[in-house]
1. Quote to one decimal, in nm, the extra length available between residue 551 and residue 203 on full extension: 0.36 nm per residue of separation minus the C-alpha distance between them.
2. Relative to the longest principal axis of the chain, what angle (0 to 90°, nearest 10) does the C-alpha long axis of helix 492-512 take?
3. Helix-only mean residue ellipticity at 222 nm, the chain, DSSP H runs n ≥ 4 weighted -39,500 (n - 2.57), per residue, nearest 500. What is it?
4. Using only the alpha-carbon atoms, how far is helix 151-163 inclined from the longest principal axis of the chain? Give it as 0 to 90 degrees, nearest 10.
5. Which shape class, rounded, prolate or oblate, goes with segment 392-502 when its Cα gyration tensor gives a ≥ b ≥ c as root eigenvalues, a/c under 1.5 marks rounded, and past that a/b bigger than b/c marks prolate?
6. Assuming 0.36 nm per residue, please report the length gained on full extension of the stretch residue 521 to residue 239 beyond their Cα-Cα distance.
7. Highest first, please rank the peptides 416-428, 173-185, 494-506, 230-242 by the mean number of other Cβ atoms sitting within 10 Å of their residues.
8. Between residue 33 and residue 280, what is 0.36 nm times their sequence separation minus the Cα-Cα distance? Round to one decimal in nm.
Amino acid sequence: MSVHLRKFISSKINELKPGGYKNINGLLQIRHNKDNFELKLPIKAVYGATQLIEQLTILRNDEIQDVKVDSSEISFLLNNLSIKNTFKNPTKVLLTDDQKKYIVEYSSPNIAKPFHMGHLRSTIIGNFLSNLLKRIDHKVIQMNYLGDYGTQFGFLKVGIDMEKLTDEEIMKNPLQNLLKVYVAANSSKDPEVAEKARRIFEIMELKNDDEIMEQWRKIKQYTLEELKVIYERLNIKYDVYEFESMYRRKDIEDVIKLLTEKNILEKDQEGKMIVRIGERSVPFIKSDSTTLYLTRDVAAFLSRRKKYRIDKTFYVVDNGQNDHFTAFKNVVNQMGLNGDEYIQHIKFGRIRGMSTRKGNVVFLKDILDEAKDLMFKKQQESKTTKVDLSKCGEGIADILGTSAIVVNDLRQKRQRDYEFNWNKILQLSGDSGVKFQYTHCRLYSLERENSNINEGEELNLELIKELEAQELVYLILKYQEIIYHSHNELESCVLVKYLFDLCNSASRAFKTLHVKNCECKATASQRLLLFNTTRKVLKDGLDILGLKVLNEM
């Protein structure tokens with residue numbers, strides 16, 4: 001439903017009661033019956049305001065035909081003008097005039113390791129959240145905070161020396177070779193190996209060594225270049241890359257000093273600097289004076305808040321990090337800032353049973369490659385394939401396979417674990433990412449094949465009274481409401497379910513609402529308008545999900 005109409009109703013209700021009500025816009029729900037379209041508002045939204053409810057019966061404008069009140073809800077009966085206005089700009093979904101500035105930190109893999117499947121959900125969910133916040137007109141900084149620091153690099157350096165791995169050998173297959181030497185060092189039973197790794201990290205933290213620092217910079221660059229290939233396949237672009245190493249001990253002495261002055265830090269019997277979180281003692285600086293993940297998170301938060309002047313940071317990290325974020329917020333609270341206001345942990349469950357069909361694997365590249373290969377094979381076998389597979393088949397298959405994996409993840413409730421199932425993910429007939437792409441291609445083809453027919457300038461409900469047409473109109477009017485609930489719950493599954501409903505409704509409409517062979521030109525124009533508007537809404541939703549959208553397949 002149109003933005004200005006929702007704002008009109010919300011403002012009028014708040015005018016009738018000084019002090020107003022919250023969330024009126026989000027509580028308005030579009031409903032459809034065979035005779036009309038209505039906006040419904042639960043009576044409980046204006047609970048206790050008997051006089052207000054009586055006054056609402058005279059709340060009308062040029063888009064509201066009538067207002068009815070019963071024991072459970074207020075109904076705003078909409079006239080044709082309201083429907084026409086929505087169709088002029090169906091994807092305008094501005095929900096608030098209170099624009100915020102956010103950082104969304106997501107993905108955040110470790111350097112020198114192939115993209116692990118454990119980072120997949122963070123990447124997909126973080127991208128969706130960024131797109132959603134931008135879609136409703138907030139300013140968003142998409143940030144990738146790479147783990148390029150800690151004792152892990154010490155093990156990597158020791159492994160390179162143990163295996164005598166040259167720069168030339170590393171460059172041939174950077175991440176696979178670096179992983180191999182890291183595993184060799186980390187699994188060594190020689191206690192001297194672990195001690196060497198610890199000393200290397202200590203040098204990086206507190207001193208400097210030209211050879212170590214140069215090798216470290218090269219490894220970071222190798223990793224970043226390979227990661228960007230994966231992100232391109234996932235249709236993800238970051239505004240900022242940050243690294244844990246930006247917040248080394250020698251770089252954050254001012255933060256340590258501030259925490260000490262505020263009596264937040266104290267030294268325990270083992271020489272560690274700790275913070276008190278309730279009855280827990282949480283390490284903040286190790287006894288050898290090197291930092292921990294919590295140390296660097298606090299330092300990064302303070303630095304970003306000052307640099308970007310943000311309202312909040314969303315950290316897209318799995319459920320298992322809940323204790324870390326409890327400690328993180330607590331330290332921020334002790335510094336006199338409101339951790340709950342400035343920090344939000346976007347939790348998510350884990351993927352179980354992740355593997356290729358050839359065997360167990362945890363690397364995203366292998367999963368994406370197998371999805372691409374399987375989709376290419378299905379394209380070759382399909383009678384409906386319209387593109388030249390010899391020229392662009394693999395590229396399209398890659399988009400289809402990636403879409404299937406992304407949508408399979410985003411259709412899940414965010415905090416639930418789920419099972420990875422190839423048959424469900426890549427199905428062509430059921431609800432999957434492939435259906436989204438197929439429906440968009442079909443709508444695009446219909447628009448192109450009927451370019452000789454003038455699309456209706458505005459919707460005329462009198463010419464599209466068929467049940468299938470009315471259902472599509474209803475779903476298009478419902479789009480803003482869906483975006484609101486996706487944002488309110490920070491759940492992608494709300495939008496995914498809606499888009500499946502839209503695709504299924506479009507599929508039913510294709511069978512009865514013919515355009516090319518329609519005898520009445522005015523009706524054909526209205527049907528074309530309806531299908532084209534459906535495609536615009538579908539495209540907008542797929543953009544928010546983060547998919548590369550196909551016009552042909």
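The values are calculated or read from the model by the stated rules, or taken from the named source; none is laboratory data. No experiment lies behind these values; they were computed from the predicted model shown. Quick reminder, even Gly has a Cβ in these numbers, built from the backbone with ideal geometry, and neighbours come from all protein chains shown. Ligands, DNA and RNA are excluded from the accessible area calculation, which covers all protein heavy atoms including side chains. Shrake-Rupley method; radii C 1.70, N 1.55, O 1.52, S 1.80 Å.
1. Numbers: separation 348, 0.36 × 348 = 125.28 nm, distance 5.40 nm.
Extra length available between residue 551 and residue 203 comes to 119.9 nm.
2. In the chain, helix 492-512 runs at an angle near 40 degrees to the longest axis.
3. Working: 22 runs with 293 residues, N = 553.
About -17000 deg cm²/dmol.
4. 60
5. It is oblate, given that a/c is not under 1.5 and a/b is not larger than b/c.
6. Working: separation 282, 0.36 × 282 = 101.52 nm, distance 4.82 nm.
Value of the extension gain: 96.7 nm.
7. Values: 416-428: 14.5, 173-185: 18.0, 494-506: 20.6, 230-242: 16.3.
Output ranking for 416-428, 173-185, 494-506, 230-242: 494-506, 173-185, 230-242, 416-428.
8. On the way: separation 247, 0.36 × 247 = 88.92 nm, distance 5.78 nm.
Once the chain is fully extended between residue 33 and residue 280, it gains 83.1 nm.
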